[in-house]
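The values are calculated or read from the model by the stated rules, or taken from the named source; none is laboratory data. In this text, all values refer to a predicted model and were calculated from it rather than measured experimentally. Backbone-built Cβ (ideal geometry, glycine too); neighbour counts: all protein chains shown. The area values use the complete protein model at the heavy-atom level, side chains included, leaving out ligands, DNA and RNA. Shrake-Rupley method; radii C 1.70, N 1.55, O 1.52, S 1.80 Å.
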Protein chains: 2
Amino acid sequence: MHKVTFKFENSEDVNVFAAFGENLLEVARKTNVAIDAPCSGNAACGKCRVKLVGGNLESKKTLHISDEEYAAGWRLACVSTVCDDVEVLVPDIASAYRSRMKVADLSSPGEIKIFDDLKEQVLEAGIELKNDMEVVSVEMDIPSLDDTMPDNERFTRVLQAQTGMEKVRIPFCVLKKLSYVLRQSGFKVQAVMRRNDRDVFVYDVLKQDEKAVVSGLAIDIGTTTVSAIIIDMLSGEILAKGSAGNGQIRYGADVINRIIESLKQGGSEKLQNAIVEETINPLIDTMCKQAKLRSEQIYRMSVAANTTMNHLLMGVYADPVRMEPYIPTFFKTNSVFAGDLGIKVNPCAHIIVAPNIGSYVGGDITAGAFVSMVWNKPEFSLFIDLGTNGEIVFGNSDFMFSCACSAGPAFEGGDISCGMRATDGAIEACTIDEETMEPTYTVVGDPGTKPVGLCGSGIIDVIAELFRCGIISPKGKFIREGKRVRHDKDGMGSYIIAFEEDAGSVKDVEINEVDIDNFIRAKGAIFSAIRTMLSYCDFDISMIEHVYVAGGIGSGINMKNAIRIGMFPDVPLELYEYIGNSSLVGAYAMLYSRQSEQKVYEIAQNMTYIELSAIPSYMDEFVGACFLPHTDAALFPNIGQE
Amino acid sequence: MHKVTFKFENSEDVNVFAAFGENLLEVARKTNVAIDAPCSGNAACGKCRVKLVGGNLESKKTLHISDEEYAAGWRLACVSTVCDDVEVLVPDIASAYRSRMKVADLSSPGEIKIFDDLKEQVLEAGIELKNDMEVVSVEMDIPSLDDTMPDNERFTRVLQAQTGMEKVRIPFCVLKKLSYVLRQSGFKVQAVMRRNDRDVFVYDVLKQDEKAVVSGLAIDIGTTTVSAIIIDMLSGEILAKGSAGNGQIRYGADVINRIIESLKQGGSEKLQNAIVEETINPLIDTMCKQAKLRSEQIYRMSVAANTTMNHLLMGVYADPVRMEPYIPTFFKTNSVFAGDLGIKVNPCAHIIVAPNIGSYVGGDITAGAFVSMVWNKPEFSLFIDLGTNGEIVFGNSDFMFSCACSAGPAFEGGDISCGMRATDGAIEACTIDEETMEPTYTVVGDPGTKPVGLCGSGIIDVIAELFRCGIISPKGKFIREGKRVRHDKDGMGSYIIAFEEDAGSVKDVEINEVDIDNFIRAKGAIFSAIRTMLSYCDFDISMIEHVYVAGGIGSGINMKNAIRIGMFPDVPLELYEYIGNSSLVGAYAMLYSRQSEQKVYEIAQNMTYIELSAIPSYMDEFVGACFLPHTDAALFPNIGQE
């Protein structure tokens, strides 16, 4: 046995004994040391860096660590094994993956408009914008020796009289405090409750002079990123917004790796803990401070998430989701409360789960499809949600098909060496001069903010421009030389967008052939999925009458460039519309409007799920789409015409 | 600050700093050191003994510690204050109060007969002996790529078809395991469920070859003692029995002291913890081992407890229960599940709570009154439950009154120096020779078991015999001298029933004037409550046609002696019937039979609660009853006539 010491910048050492030959990433995991490892230890992502500061470690060399870095002690944990006593420094994962995954500012005018647009469209569709929650004043007689009715009965009778409802349900969490609040407030109180056609359910009882805030939490749980809003359930107003990286990311970047991890001893709890304790609860904390409310004042929550995220959130056995015939435990469930999952809102809060429709098309898409309004329009529309999984819906008010493909985290800046989310310092748009090869770019943030990386829309622009200028080939290899093109000793080319001296980070902001290759596979997955599904349903790209693009990629996405690289179909630009994080907006709709919630269930019921992996032509389509723009240039007739 | 070291026989020292003048019992409590203190630190019970083994302690001398004991270092913690660094040895409380409070063996023929009698009487009353739980085999189609319905829907549909019910509820705890069990068992499973006229609720899903045990837990939570049984919900058979001292006892012997304790910072959690974590959960553990079942196989539970115990069990604010006008939070509640309270049975298990009808007449009495069958008979019957509180019901099939009085723990052997429960070594019956003053006694246990103390029925006999033989006066003072009568230096008399050499303990088994006084006050409380209630309702002792006696006092109770000391009314002996722990038997009925449960709610609704403290004559009645047998000898015309 050897002693392994994990050192941290801001916390105490963790010591553990490990056997000779044990994998360092595994040792870290079983010791609950958080090391970022989106590829789940396959030496693919290069994120699980640790720095050797004492003792010895047997490590393979990989492309992800330069010679200088190796000399300075940097190693990848996933390719390192214990061979002696060793001390390693672990970079702060929280700041690493949280900042990397920070989402666009939800309070930007564009994002607010999206919520306003939704409300308008929902009303146009004849759907009521209201729920069944309310605050009611309740005044009781003060008990005496001649009137000794117990508190819960006293309270119930007045509520029965006031609401005209026979059945009034007082859950345990209210029962516990009832007596105290009644006496603190002279038997004049406020009841936070919901009333439907069956019964009245009391969520809370408050003193008469207390400010009653009835709030709700809508949350979009992405494989990579989690976004949430707290709203006022009575007015629909957004009280707070927030986002964070999904804490599960250290157990794998994609859903398959996460499921595998969840099957290990204690794995299900570990994954659930990573999303609930490490991600959602801190997010709620922050948002509650922002909105100046107590988390118990959140009385309902809605979740839009893909099928796997839904299962892992609930700690439900997820293996059948990934194994043929790909059966989830549930599409729809009504039986989960915040208290069941340890989510720090009111423990009685019911969790509304946007329904899944298949193993790979989840509630994020049914919620998003609702927001797209595809179901309410006669035009044939395409809805594309760009996330770690890409999901695609096609249809109109008569029918809807959907499918999913695995794009990986590239659209969110993952799997890209200088990738980042569309936050301060991200290059979000770029043009390149064909002659000088010099770039001109826009950076997210205040004027003068220096670039530190590339967000999704920036990567699309850079690749599209490199291709347009003939700097890279249709295969994504560098074919021109110049000041900004560099090759390492293995011959791998890269293009420097910002040299170290101009950048906000300590190194060049660049994109290399591995990055471009990762991105080409991601965009290829999307395009081939669109093509395969359309032709499977006897449709054709030319029949598309509208395209809705959703996802955290940002409103800055240049549709022309996305078409140019063969990511989106070559239809007129004016047909494209970016609708933001439709999954979160859909969760908002389900939370705030009961009729919207019902409509999402209806949409889910009527949507046909197509399992792409069961269609033989999909693989060929994918291979063809892994070029710029495509091996079949005829599919992109307008490219190069401008 | 001084260092206080608590030492234990079987565990490590606990060190804490305390201020000069701090009370040692308080220091122990805030450090979570368990010291038995049934009187809650009022220097009344003499149980909070600790032994000074180092340093100094400022202690008052009390009657509870003899000179020899004081010299050996024994002190009462409640009258000791910190004045220096100090080390004290704390006797093992677990064995102290647990063994002291062990209840009579539930598997004795007498106790089993009580359950059998109940079933017979319940059936005679036209009440069904059945509940709505069942085990159903469910067989589903195995999913395929052409049949990808999610597991919960697949399961629900088959159950809908099999039961003919539209609404099938699958709670979160079943949803979590559903997918795994279905696949482990080839989609042929067993569902543990209940079906009523509204819906089907699934408690569990089990593999086809697993033995399905559907069990339930009935529990009687007394202020001093907790008794429980586990039953087979399908057959009604008793699978396991157990009992333990109520772990809350160290926070006070009676409900008032416990409520006061619960109002302190963190008190409510502390009291709840003492009953749930320290008492009920270990009891369940033991019983499950006995019955060879897993605690998750307990799918329903019922609780019969007094109003305060109900409130403290649930962690509900209990102050209004003790303060005029004495209002509980609830009489009846349906909204509590085992998971809410941390009780280690199936977390979905619904808790059926026997309804309270007043602050001092709780579910233990409504459940017990059901068992007495008073409500089903034309005769005017008296039902007396002897516990830490004495509760009394009077009525017949047309009406019922009830009231409560505070008797203290004397009937269960508390507040009596050699008191104990009716377990091995307890003297349960005794006669005394009038001439020689020599006792003849029966000891619980195998032949030859040596006496170690007195249980309730033994105390009644000893006092009755001492009084009959003229050894003590009507005031309970010793008025004869002899070998077995002893006086200490303060003049306090005592009678030795078994000398040290004949006893199973290291000291004499004796009863002293303080014990007799305590017991006289207890019996006086009972008798005066009966008299006060009857005359308040315009009845008279002579109108009593039947008397049911319930409580843990044991079937050995000698009714004649109980009358002789003026505890019970002087009506013909043949009218008396001992019906055991009716509270537990009633909890059993509510658990096993839905119609019994309904009947108990009905009884509670129809029972009139009388608040004795609001009746001016009660105090006079009580004072009069604090004699042997009573100041008004005319009330006991038959005493001395035999």
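Residues in segment A:452-478 that are under 19 Å from A:Ala562 (Cβ atoms) and part of a strand (DSSP E or B) were compared, and the one that is modelled with the highest pLDDT is A:Ile472.
Based on what the data block shows, is B:Phe622 aromatic (Phe, Trp, Tyr) and open to solvent by less than 30 Å² (accessible area, probe 1.4 Å)? No, not satisfied.
Looking at segment A:398-408, is at least one residue of a type in the set (Ser, Thr, Tyr) and either more than 30 Å from A:Trp375 (Cα to Cα) or open to solvent by 10 Å² or more (accessible area, probe 1.4 Å) (or both)?
yes
Remark: pairs (first residue in segment B:591-613, closer than 12 Å to B:Ala354 by Cβ; second residue open to solvent by 20 Å² or more (accessible area, probe 1.4 Å) and part of a helix (DSSP H, G or I); Cβ separation under 8 Å; 6+ apart in sequence or on different chains) = B:Lys599/B:Trp375; B:Ile603/B:Trp375.
Among the residues making up segment B:625-637, those that are open to solvent by 10 Å² or more (accessible area, probe 1.4 Å) and either within 14 Å of another protein chain (Cβ to nearest Cβ) or part of a helix (DSSP H, G or I) (or both) are B:Ala633, B:Ala634, B:Leu635. Output the residue which, of all residues in segment B:578-590 that are touching a residue at least 60 places away in the same chain (Cβ under 8 Å) and outside any helix (DSSP H, G or I), is least open to solvent (accessible area, probe 1.4 Å). My answer is B:Gly580.
Filtered by the rule that a residue be touching a Pro at 6+ places or on another chain (Cβ under 8 Å), surrounded by fewer than 24 Cβ atoms within 10 Å (Cβ to Cβ) and not in a strand (DSSP E or B), segment A:218-253 gives a lone residue, A:Gly252. Looking across segment B:135-144 at every residue that is open to solvent by less than 40 Å² (accessible area, probe 1.4 Å) and not in a loop (DSSP other than H, G, I, E, B), the one that is farthest from the other protein chains (Cβ to nearest Cβ) is identified as B:Val136.
Is it true that B:Asp132 is open to solvent by 40 Å² or more (accessible area, probe 1.4 Å), in contact with a strand residue (DSSP E or B) (Cβ under 7 Å, 6 or more places away or on another chain) and more than 11 Å from chain A (Cβ to nearest Cβ)? So B:Asp132 does not fit the description; no. For beta carbons closer than 9 Å, sequence separation of 6+ or different chains, a first residue in segment B:164-175 that is touching a residue at least 24 places away in the same chain (Cβ under 8 Å) and a second that is part of a helix (DSSP H, G or I) and of a type in the set (Gly, Ala, Ser), the qualifying pairs are B:Cys173/B:Gly339. Assess whether A:Asp398 counts as being among the charged types (D, E, K, R) and closer than 26 Å to A:Gln605 by Cα. Spelling it out, A:Asp398 is indeed among the charged types (D, E, K, R) and closer than 26 Å to A:Gln605 by Cα. Within the set B:Glu501, B:Glu481, the sole residue that is open to solvent by 30 Å² or more (accessible area, probe 1.4 Å) and assigned to a helix (DSSP H, G or I) turns out to be B:Glu501.
Being among the small types (Gly, Ala, Ser), open to solvent by less than 10 Å² (accessible area, probe 1.4 Å) and either under 19 Å from A:Ile463 (Cβ atoms) or not in a strand (DSSP E or B) (or both) is the filter here, so list the residues in segment A:518-553 that pass it.
Listed by number, the residues that qualify are A:Ala522, A:Gly524, A:Ala525, A:Ser528, A:Ala529, A:Gly551.
Taken over segment B:591-610, the criterion of being within 22 Å of B:Ile230 (Cβ to Cβ) and part of a loop (DSSP other than H, G, I, E, B) is satisfied by B:Ser593 alone.
I need the full set of residues from segment A:319-329 which are among the aliphatic types (A, V, I, L, M), farther than 11 Å from A:Gly362 by Cβ and either more than 8 Å from every other protein chain (Cβ to nearest Cβ) or open to solvent by 10 Å² or more (accessible area, probe 1.4 Å) (or both), in order please.
Matches in segment A:319-329: A:Met323 only.
With respect to A:Lys332, is the statement that it is more than 29 Å from A:Ser402 (Cβ to Cβ) and not acidic (Asp, Glu) true? In short, no.
Criterion first (open to solvent by 10 Å² or more (accessible area, probe 1.4 Å) and away from chain A (no Cβ under 13 Å)) does B:Ser295 satisfy it? When the stated conditions are applied, B:Ser295 passes them. Within segment A:395-407, residues that are closer than 14 Å to A:Ile615 by Cβ reach partners that are charged (D, E, K, R) with beta carbons closer than 9 Å, at six or more positions or on different chains, in the pairs A:Ser402/A:Glu391; A:Cys403/A:Glu391; A:Cys403/A:Glu611; A:Ala404/A:Glu391; A:Ala404/A:Glu611; A:Cys405/A:Glu391. Apart from one condition, B:Ser613 fits all of (1) in contact with a His (Cβ under 7 Å, 6 or more places away or on another chain); (2) among the small types (Gly, Ala, Ser); (3) in a helix (DSSP H, G or I); the exception is (1).
Which one is nearest to B:Val174 (Cα to Cα) among residues in segment A:304-318 that are of a type outside the set (A, V, I, L, M) and more than 8 Å from chain B (Cβ to nearest Cβ)?
Once the filter is applied, the top-ranked residue is A:His311.
Does any residue of segment B:359-373 turn out to be within 10 Å of chain A (Cβ to nearest Cβ), within 18 Å of the chain's Cα centre (by Cα) and touching a residue at least 40 places away in the same chain (Cβ under 8 Å)? Scanning segment B:359-373 turns up at least one residue that is within 10 Å of chain A (Cβ to nearest Cβ), within 18 Å of the chain's Cα centre (by Cα) and touching a residue at least 40 places away in the same chain (Cβ under 8 Å).
Of everything in segment A:426-451 that is part of a strand (DSSP E or B) and open to solvent by 50 Å² or more (accessible area, probe 1.4 Å), the residue that is nearest to A:Phe411 (Cα to Cα) is A:Glu428. Out of the residues in segment B:145-199 meeting the condition of being within 13 Å of another protein chain (Cβ to nearest Cβ) and in a strand (DSSP E or B), tell me which one is surrounded by the most Cβ atoms within 10 Å (Cβ to Cβ). For segment B:145-199, the residue satisfying everything is B:Val168. If you check B:Lys211, B:Lys270 for being free of Cβ contacts under 8 Å to residues at least 40 places away in the same chain and closer than 30 Å to B:Lys47 by Cα, only one passes: B:Lys270.
Keeping to segment B:388-431, report how many residues are under 30 Å from B:Glu500 (Cβ atoms) and of a type in the set (Phe, Trp, Tyr). Going through segment B:388-431 one residue at a time, the tally reaches 1. Any residue in segment A:556-577 that is open to solvent by 10 Å² or more (accessible area, probe 1.4 Å), in a helix (DSSP H, G or I) and touching a strand residue (DSSP E or B) at 6+ places or on another chain (Cβ under 8 Å)? Looking through segment A:556-577, at least one residue is open to solvent by 10 Å² or more (accessible area, probe 1.4 Å), in a helix (DSSP H, G or I) and touching a strand residue (DSSP E or B) at 6+ places or on another chain (Cβ under 8 Å). Could you tell me whether any residue of segment B:330-342 is farther than 30 Å from B:Met193 by Cβ, crowded, with 24+ Cβ neighbours inside 10 Å and at the interface with another protein chain (Cβ under 9 Å from one of its Cβ atoms)? No: zero hits.
The residues on offer are A:Met373, A:Met301, A:Met314, and the sole one that is open to solvent by less than 10 Å² (accessible area, probe 1.4 Å) and on the phi > 0 side of the Ramachandran plot is A:Met373.
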